[in-house]
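Chemist: Got a structure here, written out as structure tokens. Questions coming.
Values quoted throughout were computed directly from the atomic coordinates according to the rules given, and no laboratory measurement underlies them. Computed from a predicted structure; not experimentally measured. Neighbour counts run over all protein chains shown; Cβ positions are idealised from the backbone, glycine included.
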Amino acid sequence: MDWDGIWRKWVDSSSYSKWMKKDGPDYWAKRARDYNRHAMNSPWVDEWVSRMAVGKDSTVLDVGAGTGRWSVPLAKKAGSVTAVDPSEAMLECLEENARSAGVDNIRVINSPWEDVDPTALGRFDVVIASHSLTMRNIRDALAKMDGCSSGRVYIFTFASRKNWFHEIWPRLHGEQHRGGPRYLIFLGILQSMGIHPNMEITPFTMDKEFHSFDEAFTYSRRFVGLSDDDGKAEVLRGLVEELQDERGRYRVFDRGHRAAIWWQSEA
């Protein structure tokens, strides 16, 4: 089976990739602060960090580190963490979160993973990538992660996901939201590389509650990819207004299953 071709087809047709291309480098610059507000508190991440064999002398590489949801708690346990991300805005949030947490052992690299020279990085005891592998050449990205690891490699992604934003997507864009069970493609590509990983799938609930209409509308507008002057903003405004409950809060559901994939590198 042509797993690489299946992956590229998913990337080219996914709603996320479509809006990434539309906004270009500004995609996360517009969304980093909103994302960070809801991303850092994750008991599920804390559980996985506690399960990882990371100690005071360990080195960790976080590929697509974002605002530090993984890097910051790992830095509290590890000797050092290297955080790679293409978004300057996301890394600014990461550095702020690190200061707030009192950790100073995170090195940031502002670059797409595809452009990073692995020989300059060295080897790491643990390499992770959480919801960050969306490049077209996924085989090379995975091989580079495996080659940088002298221990375990972890990938975290969605096995399934359904939320309010996906439900309203057709009313705003005239087409169904397209995601995809990427974990199956990861498994296929890894096995074709001679890597036979472990996998664990668990349910999640990430419902979000907003205290004001402006907060709910701003977050929603960015999540569904509408610009400030998009004519569909009025449609979205009406949809957000319908969310208001008897307390004056705005709550959106976000549920599904996560997939954790990991293996011991033999590179």
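Chemist: Just want the ordering: M145, M193, from fewest to most Cβ atoms lying within 10 Å of their own Cβ.
Modeler: With the fewest neighbours first, M145, M193 line up as M193, M145.
Chemist: Please work out how much length the chain gains when fully extended from E175 to E47, using 0.36 nm per residue of separation minus the C-alpha to C-alpha distance, in nm with one decimal.
Modeler: 42.4 nm
Chemist: What share of the DSSP beta bridges in the chain is antiparallel, in percent to the nearest 5?
Modeler: 55 percent
Chemist: On a 0 to 90 degree scale, rounded to 10, what angle separates helix 26-39 from the longest Cα axis of the chain?
Modeler: Roughly 90 degrees, rounded to the nearest 10.
Chemist: How tilted is helix 213-223 with respect to the longest principal axis of the chain? Cα atoms for both, answer in degrees (0 to 90, nearest 10).
Modeler: Tilt relative to the chain: about 50 degrees.
Chemist: Based solely on its DSSP helices, what 222 nm [θ] is calculated for the chain when runs of n ≥ 4 H residues each add -39,500 (n - 2.57) and the sum is averaged over all residues, nearest 500 deg cm²/dmol?
Modeler: -13000 deg cm²/dmol
Chemist: Next question, about the same structure. Enumerate by residue number the GluC sites (Glu not before Pro) in the stretch 185-248 meeting two conditions: DSSP loop (anything except H, G, I, E, B), and at most 13 other Cβ atoms within 10 Å of the site's Cβ.
Modeler: Qualifying residues, ordered by number: E242, E246.
Chemist: Something else about it: Using the Cβ atoms and a cut-off under 13 Å, what net charge is assigned to the surroundings of Q244, where Lys and Arg are +1 and Asp and Glu are -1?
Modeler: Computed value for this residue: -3.
Chemist: Helix 138-148 against the longest principal axis of the chain: what's the angle in degrees, Cα atoms only, rounded to the nearest 10?
Modeler: 50 degrees
Chemist: Same structure, new question: Which cross-chain or sequence-distant (5 or more) residues have an amide H under 5 Å from the amide H of D254, H modelled 1.01 Å from N in plane?
Modeler: It is M206, D207, K208, by chain and number.
Chemist: Among residues other than P203 whose Cβ falls under 15 Å from its Cβ, what is the net charge (Lys/Arg +1, Asp/Glu -1)?
Modeler: 0
Chemist: Ok, one more. Apply the Karplus curve 6.51 cos²θ - 1.76 cosθ + 1.60, θ = phi - 60°, to the phi angles in the stretch 113-127 and return the couplings in whole Hz, x for Gly and Pro.
Modeler: Whole-Hz 3J(HN,Hα) from phi for the stretch 113-127: 4, 4, 9, 7, 7, x, 5, 7, 6, x, 10, 10, 5, 9, 10.
Chemist: Follow-up. Using θ = phi - 60° and the Karplus relation 6.51 cos²θ - 1.76 cosθ + 1.60, list the HN-Hα couplings for the stretch 162-174 in order, rounded to whole Hz, with x at every Gly or Pro.
Modeler: Couplings: 9, 8, 4, 5, 5, 5, 8, 3, x, 6, 9, 10, x Hz.
Chemist: Another question, then. How much net charge surrounds S192 when only the other residues with a Cβ under 11 Å from the Cβ of S192 are counted, with Lys and Arg +1 and Asp and Glu -1?
Modeler: Result for the neighbourhood of S192: -1.
Chemist: Further, regarding this structure: Hey, fewest Cβ within 10 Å first, where do L172, L243 land in order?
Modeler: With the sparsest Cβ surroundings first, the list reads L243, L172.
Chemist: Given N residues in the stretch 1-100, what is Rg(Cα) / (2.2 N^0.38 Å)?
Modeler: Against the compact-globule rule of thumb, the ratio is 1.25.
Chemist: Cross-link list K9/K208; K208/K232; K144/K208: which exceed 28 angstrom alpha carbon to alpha carbon?
Modeler: Too far apart for the 28 Å limit: K9/K208; K144/K208.
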